[in-house]
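*Asks:* Take a look at the following structure, please.
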Amino acid sequence: MKILHAAVSGIATLQYLFAYRPSQLLTPIHYIIDDYTDHTRRLHAETWTNNADAPSVFEDYTDPDAQLHSDDFIITKDHVSSFCRTVGKHLQHYLQAVGAGLRAPMEYLFFSCTPSILRILSSTAFGDGQLETVHLYHKIQLADGAAPLMVGDSVSSSLSISEIFNTGSGKQITVLGSLRCRGEVIAHMETAFFGRNRFTPIEKAFQREHEQRFTIQLGTESDVAALMAKEWFAYRDDAPIHLIPGSLVEFCLDSAYRFKRDDVYSSISTTGRAYVRAPTGAAVHVADILFKCGTSVKNPVIECLRRHEAPSDEVLFDGDGYSLMPPRNDKLTHIIAPDNNWKYARLSGDGNPIHTNAYVADLAGLPGLITHGMWTGASTRALLEYYTANNEPERIR
């Protein structure tokens with residue numbers, strides 16, 4: 001069976017071989033599995049990365065601890081104009097130069113990551129299941145003081161795999177990255193993908209948690225003594241602040257997990273620091289967290305802190321907030337998906353064939369072509385910029 005697919009670099013071919021086994025009367029025709037996996041990954045290497053040299057693309061990223069550094073993505077006026085038309089962004093900031101120049105949407109930060117992300121997804125580090133892989137979510141957080149993106153800026157990224165593990169219905173991979181512009185880090189990115197009914201070998205599965213934050217309150221002398229007695233809590237002899245009843249202790253932790261089974265860890269490592277606020281409000285380092293263990297169902301350090309975590313009294317909006325939308329005008333929040341995903345595929349560099357080839361989508365078990373999740377995110381952001389940020393996109397961080 002052969003499927004032809006129009007990739008940016010030319011025509012890509014998805015070809016599967018079958019074996020006829022007359023001895024199996026009810027199911028005489030079978031996929032040749034090794035061939036199936038190889039050809040599927042080759043197709044995605046060609047279409048996702050826009051690189052005709054497919055073998056080197058999907059074999060070159062085998063170390064999940066290695067970082068990938070992207071080339072500079074240069075933002076142009078024509079690209080911004082086409083992108084805004086495609087996703088329905090109509091703010092003048094993106095269409096007409098004001099002050100220092102013409103602004104670019106935040107989505108361009110993600111565009112700089114796209115080649116490296118797709119390189120990971122078509123690599124041996126991720127494994128098979130490209131046809132069944134869908135985008136779960138993505139998050140971008142601008143750094144404090146980061147200036148808006150402008151036409152003419154060049155953006156680069158550094159990415160690494162944070163985790164790849166199995167759930168009951170498939171494998172999940174999470175990628176973290178830092179984004180640079182004008183010589184400094186301006187944002188951090190997290191994105192995750194899910195391989196439906198595909199699983200990673202348990203010996204290759206791992207998870208990492210970065211900068212988990214907890215705050216506990218020490219109510220009594222017994223609470224202070226109990227914390228000080230924890231083997232993983234290494235109190236600093238030179239700490240300028242002593243722990244006393246009433247102290248609020250803040251923890252910032254990194255954890256790494258390896259698996260024995262999908263629901264049992266073979267090893268856990270947690271490191272980090274504990275802080276107490278000085279009268280000036282500054283965070284004072286009072287202890288180090290050092291913990292390692294073997295087979296375990298849960299992380300004892302994290303579970304302990306969760307049990308004693310101080311309740312948050314933060315109230316974001318009094319009275320549960322209020323509607324920002326004009327009354328009786330729900331149509332303003334309706335988004336109409338495009339009848340053709342090619343424009344966004346070319347602009348974003350995401351040529352996943354489940355978005356643009358009906359035959360490949362059918363082979364993946366989908367009811368039809370599906371719209372890029374990033375297109376939906378960009379269109380939704382356009383509404384947020386207009387209604388919640390009052391036409392001031394820099395207010396969304």
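*Asks:* Within the stretch 137-167, track down each residue that is within 15 Å of the chain's Cα centre (by Cα) and either within 24 Å of Glu46 (Cβ to Cβ) or of a type in the set (Gly, Ala, Ser) (or both).
*Replies:* Keep residues of the stretch 137-167 that are within 15 Å of the chain's Cα centre (by Cα), which gives 137-142, 157-165.
Passing the criteria: His138, Ser157, Ser158, Leu159, Ser160, Ile161, Ser162, Ile164.
*Asks:* Would you confirm whether or not the stretch 225-246 contains a residue that is crowded, with 17+ Cβ neighbours inside 10 Å and of a type in the set (Val, Ile, Thr)? Quick ask: steps written out before the conclusion?
*Replies:* Initial filter on the stretch 225-246 (crowded, with 17+ Cβ neighbours inside 10 Å): 227, 232-233, 243.
This time we only want the ones that are of a type in the set (Val, Ile, Thr), so: none.
Looking for residues that are crowded, with 17+ Cβ neighbours inside 10 Å and of a type in the set (Val, Ile, Thr), one finds none in the stretch 225-246, hence no.
*Asks:* Then there is this: Is there any pair linking a residue in the stretch 70-92 that is farther than 18 Å from Leu384 by Cβ and among the acidic types (Asp, Glu) to one that is surrounded by fewer than 17 Cβ atoms within 10 Å (Cβ to Cβ) and modelled with pLDDT under 85, with Cβ under 9 Å and at least six apart or on different chains, and which?
*Replies:* So the pair list comes out empty.
*Asks:* Further, regarding this structure: Identify, please: which residue in the stretch 345-397 is among the basic types (Lys, Arg) and in contact (Cβ under 8 Å) with a residue 60 or more places away in the chain and is, among those, surrounded by the fewest Cβ atoms within 10 Å (Cβ to Cβ)?
*Replies:* It comes out as Arg397.
*Asks:* Would you check if Thr47 is modelled with pLDDT under 80, assigned to a helix (DSSP H, G or I) and in contact with a Leu (Cβ under 8 Å, 6 or more places away or on another chain)?
*Replies:* Details: modelled with pLDDT under 80: yes; assigned to a helix (DSSP H, G or I): yes; in contact with a Leu (Cβ under 8 Å, 6 or more places away or on another chain): no.
So Thr47 does not fit the description; no.
*Asks:* Just give me the residues in the stretch 171-208 being touching a helix residue (DSSP H, G or I) at 6+ places or on another chain (Cβ under 8 Å), on the phi < 0 side of the Ramachandran plot and either basic (Lys, Arg) or surrounded by fewer than 18 Cβ atoms within 10 Å (Cβ to Cβ) (or both), in sequence order.
*Replies:* The answer is Arg196, Arg198.
*Asks:* Further question on the same structure: Just to be sure before I move on: is Pro115 in the same structural domain as Ala364 (by TED's automatic domain parsing) and buried (at least 23 other Cβ atoms within 10 Å of the Cβ) in the structure I sent? Talk me through it step by step, then tell me what you get.
*Replies:* Details: in the same structural domain as Ala364 (by TED's automatic domain parsing): yes; buried (at least 23 other Cβ atoms within 10 Å of the Cβ): no.
In short, no.
*Asks:* For the stretch 338-397, which residues satisfy the criterion of being within 23 Å of the chain's Cα centre (by Cα) and acidic (Asp, Glu)?
*Replies:* Within the stretch 338-397, Asp350, Glu385, Glu394 qualify.
*Asks:* May I ask you to list pairs of residues, at least six apart or on different chains, whose Cβ atoms are under 6 Å apart, with the first in the stretch 263-281 being closer than 14 Å to Glu209 by Cα and the second being acidic (Asp, Glu) and surrounded by fewer than 16 Cβ atoms within 10 Å (Cβ to Cβ)?
*Replies:* Between residues of the stretch 263-281 that are closer than 14 Å to Glu209 by Cα and residues that are acidic (Asp, Glu) and surrounded by fewer than 16 Cβ atoms within 10 Å (Cβ to Cβ), the close pairs are Thr271/Asp254; Gly272/Asp254.
*Asks:* Restricting attention to the stretch 360-397, and to residues there that are among the hydroxyl-bearing types (Ser, Thr, Tyr) and outside any helix (DSSP H, G or I), which single residue is farthest from Ala337 (Cα to Cα)? Even if it seems obvious, please write down each step before you answer.
*Replies:* In the first step, residues of the stretch 360-397 are kept if they are among the hydroxyl-bearing types (Ser, Thr, Tyr); the result is 371, 376, 379-380, 386-388.
Subsequent filtering for residues that are outside any helix (DSSP H, G or I) retains 371, 388.
Values: Thr371: 7, Thr388: 22 Å.
This residue is Thr388.
*Asks:* Please count how many residues of the stretch 143-162 are touching a Pro at 6+ places or on another chain (Cβ under 9 Å) and not hydroxyl-bearing (Ser, Thr, Tyr).
*Replies:* The qualifying residues number 3.
*Asks:* Test Thr356 against the criterion of being modelled with pLDDT of 85 or more, out of contact with any Lys or Arg (no Cβ under 9 Å at 6 or more places or on another chain) and hydroxyl-bearing (Ser, Thr, Tyr), and give yes or no.
*Replies:* yes
*Asks:* Any chance the stretch 113-124 includes a residue that's free of Cβ contacts under 8 Å to residues at least 60 places away in the same chain and in contact with a helix residue (DSSP H, G or I) (Cβ under 9 Å, 6 or more places away or on another chain)? Please lay out each step first, then the result.
*Replies:* Here is the first cut: in the stretch 113-124, the ones free of Cβ contacts under 8 Å to residues at least 60 places away in the same chain are 120.
Pick out the ones that are also in contact with a helix residue (DSSP H, G or I) (Cβ under 9 Å, 6 or more places away or on another chain) and you get none.
Among the residues of the stretch 113-124, not one is free of Cβ contacts under 8 Å to residues at least 60 places away in the same chain and in contact with a helix residue (DSSP H, G or I) (Cβ under 9 Å, 6 or more places away or on another chain), which makes the answer no.
*Asks:* For the subset of the stretch 72-94 comprising residues that are in a helix (DSSP H, G or I) and surrounded by fewer than 16 Cβ atoms within 10 Å (Cβ to Cβ), which member is modelled with the lowest pLDDT? Spell out how you get there, then give the answer.
*Replies:* In the first step, residues of the stretch 72-94 are kept if they are in a helix (DSSP H, G or I); the result is 77-87, 92-94.
Filter once more, keeping what is surrounded by fewer than 16 Cβ atoms within 10 Å (Cβ to Cβ): 77-78, 81-82, 85, 92.
Details: Lys77: 91, Asp78: 92, Ser81: 90, Ser82: 90, Arg85: 88, Gln92: 77.
The extreme case among them is Gln92.
*Asks:* Let me ask something additional. Answer yes or no: is there a residue in the stretch 236-254 that is out of contact with any strand residue (DSSP E or B) (no Cβ under 9 Å at 6 or more places or on another chain) and under 30 Å from Lys171 (Cα atoms).
*Replies:* No; the residues of the stretch 236-254 include none that is out of contact with any strand residue (DSSP E or B) (no Cβ under 9 Å at 6 or more places or on another chain) and under 30 Å from Lys171 (Cα atoms).
*Asks:* Testing Thr40 on (1) modelled with pLDDT of 75 or more; (2) farther than 30 Å from Gly129 by Cα, one condition comes back false. Which one is that?
*Replies:* Thr40 satisfies every listed condition except (2).
The values are calculated or read from the model by the stated rules, or taken from the named source; none is laboratory data. Note that the coordinates shown come from a computational prediction; the quantities given were computed from them, not determined experimentally. With ideal geometry, Cβ positions are generated from the backbone for all residues, glycine too; neighbour counts draw on all protein chains shown.
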